[in-house]
1. Can you tell me which of LEU88, LEU62, LEU98 is in contact with a helix residue (DSSP H, G or I) (Cβ under 8 Å, 6 or more places away or on another chain), surrounded by 21 or more Cβ atoms within 10 Å (Cβ to Cβ) and among the hydrophobic types (A, V, I, L, M, F, W, C)?
2. Would you please list the contacts, defined by Cβ atoms under 6 Å and residues six or more apart or on different chains, that run from a residue in the range 99-114 that is more than 25 Å from ILE130 (Cβ to Cβ) to a residue that is among the acidic types (Asp, Glu)?
3. How about the range 37-52: which of its residues are part of a loop (DSSP other than H, G, I, E, B) and small (Gly, Ala, Ser)?
Amino acid sequence: MRFARSRASAWRATGTFAKAGTYSKTEGPHREVTFIEREAVEAAERDEGVAIPPERTRRNVLTEGVALNHLVGREFSVGEVRFLGIKLSEPCGHMEKLSGVAGARKALIHRGGLRARVLNEGILRVGDPIDTSE
């Protein structure tokens, strides 16, 4: 299990929502970081015929080899950073609109990723292991 990010080799997790770009005005810990599985993006293309580049899913972290839906209500770590899975990150029409990929929302329903709270500050690096043991 590992984490991969398409646009940066490292990323600082602080738990502070930057409020940059387009986002919902809803406050709360579920705003801190979002994850999506590489396998879910691949399944959207395989099962629904919808090719969504991972960076267009509007998620912060792309993972590989871990079932994110199972992490709701559980603590896990990526490298040195600990997270708490808050809720599933179901896709919305706004994501589809910004992605420019028709059918993206439907293709990612129930596999749109995970919203998580940052429990400690630290650096995430491409290839960092994901530890789901508590």
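1. On the way: LEU88 fails: surrounded by 21 or more Cβ atoms within 10 Å (Cβ to Cβ); LEU98 fails: surrounded by 21 or more Cβ atoms within 10 Å (Cβ to Cβ).
Going through LEU88, LEU62, LEU98 in turn, the sole match is LEU62.
2. ARG105/GLU96
3. Going through the range 37-52, the residues part of a loop (DSSP other than H, G, I, E, B) turn out to be 49-52.
Result: GLY49, ALA51.
Here, each number is a calculation from the coordinates, and none is a lab measurement. Everything numeric in this text was worked out from a predicted model, so none of it was measured. Cβ atoms come from the backbone with ideal geometry, glycine included; neighbour counts cover every protein chain shown.
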